[in-house]
Each structure stands twice: as C-alpha cells, then as structure tokens.
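Novice: Before I ask anything, let me first share the structure, which is written out below as structure tokens.
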Amino acid sequence: MTATRADLPSLTGMRWAAAFLVFCLHIVVTSMLSPVAAGSKIATLLFSAGDVGVSFFFVLSGFVLMWSARPGDSPLRFWRRRLARVYPVHLVTALLAVLLGVTLGQLVRPDNFYGVPSIGSFLANVFLVHSWIPGQNQSLNTVSWTLACEAFFYLTFPVWGLLVRRLQTRGTTVFALVSVVLVVLPAVAQPSLSFLQSFPAARLGEFTLGVALARLVALGSWRGPRLEIAVAVMLISYFLVPVWPGQYGYSVATLVGIGVLIPAAAVADLREDPSFWRSRTMVRLGELSFAFYMIHLMVIRVARRVFPALVQRGSTAELFVVAGIFAVSLGLAWVLYEYVETPCRRFLTRPRRKQRELVPA
C-alpha cells in the first residue's frame, strides 16, 4: 500500500469519542451523581479512566500534524495555521471563565468554581504558558492546560517533522520506541507527582509517538492489527488503567492501545475498509469535539453552582440532569464551532495580499 496525504475521517470521528470520555470523567469527578446510586457506581467503573481521552488527543495531534505536513512549509506558516485553529476558542472560553467568576462569585476549593484571576494568572493562561507554572495549570478554563501542552508541541513540531521525514522504517521505529520511553519514564520514576499530568515536557513523548506512527503509515511500513482488533486492544488497555499506580498511569496503561488504534483507523481509511468512525454523524461530532471539550466543564460547574438542588438526587433525576448538561454543552459547542472557530480560522489563514497577487488570473 502506498500511502498518500489522503483525508482520514475515522480519526476525526475518534476525536469525538475521546472528548466524550473526558466529559464523562468530569461528570464523575465533579460529584454530579449520588455516590450511592447505581448509575453513579456504573459511571465510576466505566469512566474513571476518562483521562485517557487526553492521551489520545496528544498522540493523535502528532499523527495528524505529521500526516498533513506540507513539503516546503515554513515554521511561521505552520504556527499561524495552528494558532488560527485553536486560539480563538481558547480566548473566548478564557474570557467566559473570567465572566463567570465575576458574575457568579468566587467559590474556594473543593467546590472548584471560577474565581477572578490575578493579572499574572490571566496573562499566563491567555498566552498558553500556565501549565509550566506550579499552581497555575488549572487556572481560568481548567481544561485549557492541554492547550498549553499542545502549544509546546506545535512550537517543537518543525524540528520533529524535519527529523522524522528523513528517517526510513528502522529509524522511525527507533524514534517511536524512544518516545515510548519518554512516556513511561516519568510515571515509573515519580508516579505520585500529579503535576506530571499537565507538565508539557512530560507529555511530549505522546506527541512524538504520534509523529512516528504517521511516518510509518506513510512509508507503508505499519504492520499492526486491523481496526476491529485495535479497538479491542484499546478497550482492554482502558480497563487496565486502575492497575497502574499514580495519577499519570493512564498514559502508560493505554499506550499500546492508543498506539495501535490510531494507525489502524488511518489504514482502514486508506484501504476504504468499513469503519463506524467515519460515518457522517461521527465525523460531524468529531468536528465539534474541540469546542465541546473546551466548554463542557464550564457547563457542568455552572449547573452545580446555579442548580445545586438538582445534583445527587437519585439515579433517574441524575440522568436527566446529565443529559441536559450534555445537550447544553453540545449546543454551545456548535455555536463556538460555527461562529468562532470556523470563521476565525478562515480569516486568520486567508492568503495575504502578496500571496494573492502571485496567483495567476
């Protein structure tokens, strides 16, 4: 099989599954469900490892960026496109977090609501460096710590892309193995250090693993299992997460699962094998997944703050509350996608005047 830079819609669909896992995790950890209700116990069993969705995003990011890398592209053009892709939604949700803190008031931990940030905290978050600063990684829109990691990945990608593009199968395999070591080492050396979960340098190995996997697929050298088997491996590794100690262990426990799932989905698309993930519905949800990820925790916290009497009311009531939170989050994600993410991306990536003048009539 000769790989080309084809679209890989199954990976877009899988982005939704990862975002939904994180949503379910936050429903559990924010105590939206009664701890004695059957639904809560089932949700805890199924979604307590939902952080896996973040690991999936990091590996997928490296894969997609390497797969779609443009020959001769300059770092500045690349950074401009990535900034246009993620920054508008980040800025809007950061400002929304400030607005919530001002209007609904400060609530100290463990209630975990939004407060009014200091100037330093606000600037660190807006410029996506807050995950490097102890005590600031959860500032403003809490989930934006992953964007601070992604910003670091984007900053370094021109180096990794240039390096890996020069490697053939053996060299790329070695690069992938080194990436695996970079993921495993922090969890083994200091499993109790929770800051590793959001520290950008500690998460770099997941991103570079994705870069290597994309190169192997592009070379036609991927020899992993088919998509159905890869999904099964991913599910098994997902439920092994509680076995690994430490807050960062989920990245290690699911490394094999994620590492075979993403290339398997890509190969399935290239071969046009059947794939549930590239259905129209899944792809559309995948397009909304970034905005959904960025807004969902705000909706959960506002629901707890504004409607405390609806929280932990028993399994039936809880299901309606969670369904409502999900619907509102998805609706707001659509608004962000249609009126912030898409138009801003088009505006920020439009050809400059000199580029337009070079296009023949």
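Novice: How charged is the neighbourhood of Ser251? Take every other residue with its Cβ under 13 Å from the Cβ of Ser251, and add Lys/Arg as +1 and Asp/Glu as -1.
Specialist: Spelling it out: positives minus negatives among the neighbours equals -1.
Novice: For Cα extents along the principal axes in Å, the choices are (i) 67, 50, 39; (ii) 58, 50, 42; (iii) 67, 50, 35; which was calculated from the structure?
Specialist: Label (ii) holds the value from this structure.
Novice: Then there's this: Hey, what number do you get for the chain at 222 nm if only DSSP H runs of n ≥ 4 count, each worth -39500 (n - 2.57), divided across all residues, to the nearest 500?
Specialist: The helix-only estimate for the chain comes to -22000 deg cm²/dmol at 222 nm.
Novice: Which ³J(HN,Hα) values, rounded to whole Hz and listed in residue order, are derived for the range 199-209 from phi using the Karplus coefficients 6.51, -1.76 and 1.60 in 6.51 cos²θ - 1.76 cosθ + 1.60 with θ = phi - 60°, glycine and proline given as x?
Specialist: For the range 199-209, the Karplus curve yields 7, x, 5, 6, 9, 4, x, 5, 5, 5, 4 Hz.
Novice: Taking the 0 to 90 degree range and rounding to the nearest ten, how far is the long axis of helix 52-67 tilted relative to the main principal axis of the chain, both from C-alpha atoms?
Specialist: In the chain, helix 52-67 runs at an angle near 30 degrees to the longest axis.
Novice: Here's another thing I want to ask about it. Enumerate the calculated ³J(HN,Hα) couplings along the range 120-137 in order (Karplus 6.51 cos²θ - 1.76 cosθ + 1.60, θ = phi - 60°), each rounded to whole Hz, writing x wherever the residue is Gly or Pro.
Specialist: Computed from phi, the couplings for the range 120-137 are x, 5, 4, 5, 4, 5, 4, 8, 6, 10, 5, 6, 8, 9, x, x, 10, 5 Hz.
Novice: Additional query: Within the chain, what is the longest stretch that has no trypsin sites (Lys or Arg not before Pro) placed in a DSSP loop and near at most 12 other beta-carbon atoms within 10 Å?
Specialist: 6-165
Novice: Using a Gaussian network for the chain with springs between C-alpha atoms less than 10 Å apart, which of these wobbles most: Ala327, Ala264, Ala18?
Specialist: Ala327
Novice: Provide the per-residue ³J(HN,Hα) series for the range 68-83, in order, calculated from phi with Karplus coefficients 6.51, -1.76, 1.60 and θ = phi - 60°, each as a whole number of Hz, with x at glycine and proline positions.
Specialist: Coupling constants for the range 68-83: 9, 4, 9, x, x, 5, 8, x, 5, 5, 4, 4, 4, 5, 5, 4 Hz.
Novice: Against the longest alpha carbon principal axis of the chain, how many degrees, from 0 to 90 and to the nearest 10, is the axis of helix 280-306 turned?
Specialist: Once rounded, the angle reads 30 degrees.
Novice: For the chain, with a Gaussian network of springs between Cα atoms less than 10 Å apart, report the residue from Ala97, Ala317, Ala266 with the top mean-square fluctuation.
Specialist: Ala317
Novice: Where does the charge balance sit around Leu182 when Lys and Arg score +1, Asp and Glu -1, over other residues with C-beta under 11 Å from its C-beta?
Specialist: Once all neighbours under 11 Å are counted, the net charge is 0.
Novice: OK, next. Taking 0.36 nm per residue of separation and subtracting the Cα-Cα distance, what length does fully extending Thr281 through Val129 add?
Specialist: Gain on stretching Thr281 to Val129: 51.2 nm.
Novice: Go ahead and run the numbers for FRET between Phe307 and Leu162, Cβ-Cβ distance against an R0 of 45 Å, rounding to 0.05.
Specialist: 0.30
Novice: Out of Gly286, Gly13, Gly72, any idea which swings most in a Gaussian network model of the chain, alpha carbons joined below 10 Å?
Specialist: Gly72
Rule-based calculations on the coordinates, nothing more; no lab input. Keep in mind that this is a model prediction, so the values were computed, not measured. Ideal geometry is used to build each Cβ from the backbone, glycine not excepted, and the neighbour counts take in all protein chains shown.
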